[in-house]
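Input: a single structure, listed below in structure tokens.
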Amino acid sequence: MSAPVAVATAVAQAIDDHDLTELTRLHDPHARISFDPPSRSVGITAWVSILAHLMTALPDFAVRTSTLVGDDRMAMVEMTLTGTNTGPIVTDDWERALLGTDLPTLPPTGRSLEVTGVAVMEIVDEHVVASRLYLPPGWFYVGLGL
């Protein structure tokens, strides 16, 4: 197994374990994570905050990897994300605009979601320096019927 694939596996496991401290350790402090839409990117501190909100909304949030490939500096992970919305959904300005609401939180829907996507990670010195997440547009809100 290449070092980048091992790091990508550890990242997926940290998220699946809801271990945001380990997730932070696996990233370079200046890492950039881009996601839906692909032009939206954040640093690791913001990414951990987003994941913490996601894990509050979906306490059983899980990551299942099906394909991991890589070379000496990149890793690609095909994954399925699952969870049931039994916790409050914290919204930021972007999400409130998307959903047409002023509410800082939305009540749980009780609905489950499952989505398959891909993460491409650039890894230097066994730390993620960039990650691009490819998920269906609006996967979270569409999956919960919002």
(request) Could you calculate the contour length gain from Gln13 to Ser49, that is, 0.36 nm times the residue separation minus the distance between their Cα atoms, to one decimal place in nm? (result) 11.2 nm
(request) Along Cα→Cβ, 7 Å out, is where each label goes; now give me the distance between the ones at Ala6 and Asp92 in nm to one decimal. (result) 3.3 nm
(message) At 7 Å along Cα-to-Cβ for each site, give me the label-to-label distance between Thr21 and Arg40 in nm.
(response) 3.0 nm
(request) Name the residues whose placed amide hydrogens come within less than 5 Å of the amide hydrogen of Leu144, ignoring near sequence neighbours (fewer than 5 apart) on the same chain. (result) none
(message) Helix 3-16 against the longest principal axis of the chain: what's the angle in degrees, Cα atoms only, rounded to the nearest 10?
(response) 20 degrees
(message) Angle check, please: helix 44-57 long axis (alpha carbons) against the longest principal axis of the chain (alpha carbons), in degrees 0 to 90, nearest 10.
(response) 50 degrees
(request) Starting from the amide H of His27, placed 1.01 Å from N in the peptide plane, find each other amide H under 5 Å away whose residue is 5 or more places distant or on another chain. (result) Val128
(message) Give me a comma-separated list of calculated 3J(HN,Hα) values for the range 60-75, in order, Karplus coefficients 6.51, -1.76, 1.60 applied at θ = phi - 60°, integers in Hz, x for any Gly or Pro.
(response) 9, 3, 9, 10, 10, 8, 10, 9, 9, 9, x, 10, 6, 9, 10, 9
(request) Using a Förster distance of 30 angstrom, determine the FRET efficiency expected from the C-beta separation of Ala62 and Leu146, and round it to 0.05. (result) 0.90
(message) Ratio of alpha-carbon Rg to the 2.2 N^0.38 Å globular estimate for the range 103-146, to two decimals, please.
(response) 1.61
(request) Give the long-range amide H neighbours of Arg111: residues separated by 5 or more places, or on another chain, with amide H under 5 Å away, using H modelled in the peptide plane at 1.01 Å from N. (result) Asn85
(message) With θ taken as phi - 60° and the coefficients 6.51, -1.76 and 1.60, list the Karplus ³J(HN,Hα) couplings across the range 117-133 in order, rounded to whole Hz; mark glycine and proline as x.
(response) x, 9, 10, 10, 10, 9, 10, 10, 6, 6, 10, 6, 9, 7, 9, 10, 9
(request) Please report, in debye to the nearest 20, how large the charge dipole of the chain is about its Cα centre when each Lys and Arg carries +1 at its beta carbon and each Asp and Glu carries -1 there. (result) 300 debye
(request) Grab every C-alpha pair in the chain, bin the distances at 10 angstrom width from 0 up to the longest one, and report whole percents. (result) 12, 42, 35, 10, 1
(request) Apply 1/(1 + (r/R0)^6) to the Cβ-Cβ distance of Glu126 and Thr105, taking R0 = 25 Å, and write down the FRET efficiency to the nearest 0.05. (result) 0.10
(request) Beta carbons within 10 angstrom, averaged per residue: use that to sort the peptides 14-21, 109-116, highest first. (result) 14-21, 109-116
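The numbers here are math on the coordinates, done by the rules we state, and not lab data. Bear in mind the structure is a predicted one, so any value in this text is a computation, not a measurement. Cβ: placed from backbone, ideal geometry, glycine included. Neighbour counts: every protein chain shown.
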